[in-house]
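Single-structure report; data block below.
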Amino acid sequence: KMQLTTKQIQEIDNRLKRNGIVYWDIRIEMLDHVVTYVENRLEKGEKLENAITNSFIDLGWNGSLKQLNREGWQNVNEKYRREYHKGIIRFFKSLKNTLLFFVGLITLYFLSSVLTFNIFKKVCMILFISPIFLVIYLYVKTLFKKYGKSVNLDYGFFYLTLNFMILPGIFSLFKSQPESSQKIVWIVVLSIHFLSIHSGYHLYKKSIEKVENLRKQLLQ
């Protein structure tokens, strides 16, 4: 069977990019389909340019592909969101994790009873912010890897940092409540925060594995 050269495959990839497929890991999946169609047409004697154009037409991908790009990242987002929630549930399937969680809850409750509200609040703020150093480290590390614009990596980071965007808003809702109520809110929110960070971190690692595997596929 006739096979395309790396240069010819790159030409198809560039066309997908020009037509609106922003993420390279979405383009890889599309490339497989186009390449198969093009190779079949070349075997029938078509010229390369005609084979590429007709293959795009056959696949319904002629013209702007921005809608396909949108559908692509929406599908990836849906998959990552499911895994994110499953990760939180899986946490409690480990006896060690469950014990650690309840020890943390008891420790926070103890601190809330022996510390003044202002000091307890500062301790909680430090605990809440501390995982950001992990996020910064991972972000810098991936920059040096030069992965490019990857939808998997984008959502890996999104779910790792989601809490930092959402949870602070909860604190502002309870500012006018008694200190005892605010302490409970801090304990609950911190518990959710660290559960979610745990799930988000493992999801991020999966996104890196996915990107690495796709990159190896590109280099083959």
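Under 5 Å between amide hydrogens, which residues at least 5 positions from Gly20 or on another chain qualify, with H placed 1.01 Å from N in the peptide plane?
Hits under the 5 Å cutoff: Leu65.
Given a 1.4 Å probe, how much area per residue of segment 32-72 is accessible, in Å²?
59 Å²
Using only helices, what value at 222 nm comes out for the chain when you add -39,500 (n - 2.57) per DSSP H run of length 4 or more and divide by the total residues, to the nearest 500 deg cm²/dmol?
Calculated mean residue ellipticity at 222 nm is -28000 deg cm²/dmol.
Which value, to two decimals, describes the C-alpha radius of gyration of segment 85-188 once divided by 2.2 N^0.38 Å?
1.32
Share of segment 70-154's accessible area from carbon and sulfur, percent, 1.4 Å?
Ligands and nucleic acids excluded, carbon and sulfur reach 69 percent.
Return the FRET efficiency for the residue pair Asp154, Val188: r is the Cβ-Cβ distance, R0 is 30 Å, and the value is rounded to the nearest 0.05.
0.55
Three principal axis extents, largest first, for the C-alpha atoms of segment 1-125, in Å?
Per principal axis, max minus min of the Cα coordinates gives 82, 31, 23 Å.
Hey, any idea what Rg/Rh is for the chain, computing Rh the Kirkwood way over Cα pairs?
1.16
DSSP H helices in the chain with Cα extent of 27 Å or more along the helix axis and mean Kyte-Doolittle hydropathy at least -0.5?
Qualifying helices, which must be both long enough and hydrophobic enough, are 24-43, 95-114, 179-219.
Going Cα to Cα from Lys44, which aspartates and glutamates come in below 20 Å? Please leave out same-chain ones fewer than 8 positions away.
Within the straight-line cut-off, Lys44 pairs with Asp32, Asp58.
Where a Cα-Cα gap under 21 Å defines reach, which lysines qualify for Lys206, not counting those fewer than 8 residues away within the same chain?
Result set, ordered by chain and number: Lys79, Lys86, Lys93, Lys141, Lys145, Lys146, Lys149, Lys216.
Quick one: accessible area per residue over segment 78-220, 1.4 Å probe, rounded to a whole number of Å²?
63 Å²
Tell me, which longest segment in the chain has none of the trypsin sites (Lys or Arg not before Pro) that fall in DSSP loops with at most 14 further Cβ atoms within 10 Å?
With a cap of 14 other Cβ atoms within 10 Å, the longest stretch comes to 94-145.
The values are calculated or read from the model by the stated rules, or taken from the named source; none is laboratory data. Since the structure is predicted, the reported quantities are computational estimates derived from the model, not experimental observations. Backbone-built Cβ (ideal geometry, glycine too); neighbour counts: all protein chains shown. All accessible areas refer to the heavy atoms of the entire protein, side chains included, with ligands and DNA or RNA removed. Shrake-Rupley method; radii C 1.70, N 1.55, O 1.52, S 1.80 Å.
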